[in-house]
Amino acid sequence: MFRHVLVRASEYPWLDSGQAWPGFLSPREEAILAGMEFLPRRRKWLLGRAAAKRLVRAMSGPQPVAETGISVLNRSSGEPFVLVEGRGEWEFPISVSHRSEVGLAAAPEDRGARIGADIETVEPRDPALVRQFFTSGEAELAASSGEAGDEVVARIWSAKEAVLKLLGLGLRLDTRGIVVDLRGEPFLECPAGWRPLAVKVCVEAPAPPVPGLLRVLWRREANHVLTVAVAG
Ligand SMILES: CC(C)(COP(=O)(O)OP(=O)(O)OC[C@H]1O[C@@H](n2cnc3c(N)ncnc32)[C@H](O)[C@@H]1OP(=O)(O)O)[C@@H](O)C(=O)NCCC(=O)NCCS
């Protein structure tokens, strides 16, 4: 259904200084990084590229291109896409997410599908996030989840972001229009280690329609929640 790669900042000592390491970035990416001033942004951006390039190489067969031949770029909407030197745009859509210590990239195994991926830290959050961005049902669930409340909030928020990314929209849309039910029905092709969520998209135009069956899956990795949404 999809492939994903999760990388950790501890694998890349150069990240501490916000620098790329030799043989990693393409010339286009070098130019983009040169325009980034802030260390946290540089770190996250590099972590996203590290995950994405590893994924592209893993999905590229026995003779993958060098990392410097892979450019992970963004459309004007912010959506990521990949250019492979000498071959043009990579045939799979890709989605990228990063926190300060981890980077995630995911791509569907079906070229025609759409994908959105998100990673969130399980931690106490400002209650304003729930008030402003959750439906009343989601907020009630979070409030009644006791010790599991931080994970519940992370799961709901991550699912909303993954679906918004699948739609190519980011937070331009009202997040309450992405309605998350944590009790998803198991399905046959559910990849090992992932669990289903049920998500309804109740937003109005100008949001693009979800292209086909929407599948949303999540997993816990240490203190992070990973979510991948696939449709098509
Ligand atoms: C998609 C979005 C929701 C991601 O937000 P985030 O949780 O801060 O960051 P993540 O690390 O999970 O994702 C960032 C990645 O999303 C991808 N992305 C950005 N815009 C996107 C879009 N319209 N569609 C799909 N993917 C998008 C990019 O690949 C980006 O990483 P990159 O810039 O290194 O390539 C972001 O586009 C957005 O709308 N940000 C608005 C910021 C904002 O208002 N923040 C307030 C938060 S309460």
Going through Gly170, Gly137, Gly116 one at a time, which residue ends up being more than 20 Å from Met59 (Cβ to Cβ) and either at pLDDT below 95 or buried (at least 16 other Cβ atoms within 10 Å of the Cβ) (or both)? Gly170
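For segment 82-94, give me each residue that is surrounded by 15 or more Cβ atoms within 10 Å (Cβ to Cβ) and out of contact with any Phe, Trp or Tyr (no Cβ under 6 Å at 6 or more places or on another chain).
Of segment 82-94, the ones surrounded by 15 or more Cβ atoms within 10 Å (Cβ to Cβ) are 82-84, 90, 92-94.
Across segment 82-94, the qualifying residues are Leu83, Trp90, Phe92, Pro93, Ile94.
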Given the conditions (1) within 13 Å of the ligand (Cβ to nearest atom); (2) out of contact with any Pro (no Cβ under 8 Å at 6 or more places or on another chain), every one holds for Ala222 apart from (1)
First in segment 154-168 and closer than 20 Å to Ala128 by Cα, second anywhere and more than 9 Å from the ligand (Cβ to nearest atom) and acidic (Asp, Glu), Cβ under 7 Å, 6 or more apart: Ile156/Glu138
Those residues that are within 17 Å of Cys202 (Cα to Cα) and either within 9 Å of the ligand (Cβ to nearest atom) or surrounded by fewer than 21 Cβ atoms within 10 Å (Cβ to Cβ) (or both), I need them from segment 140-157; list them, please. Trp157
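Could you tell me whether segment 59-67 includes any residue that is more than 10 Å from the ligand (Cβ to nearest atom), in the same structural domain as Ala142 (by TED's automatic domain parsing) and at pLDDT 95 or above?
no
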Which one of the conditions (1) buried (at least 22 other Cβ atoms within 10 Å of the Cβ); (2) at positive phi does Ser97 fail to meet, given that it meets all the rest? (2)
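The values are calculated or read from the model by the stated rules, or taken from the named source; none is laboratory data. Note that the structure is predicted; figures quoted are calculated from it, not measured. Here Cβ is always computed from backbone atoms with ideal geometry, including for glycine, and neighbour counts include all displayed protein chains.
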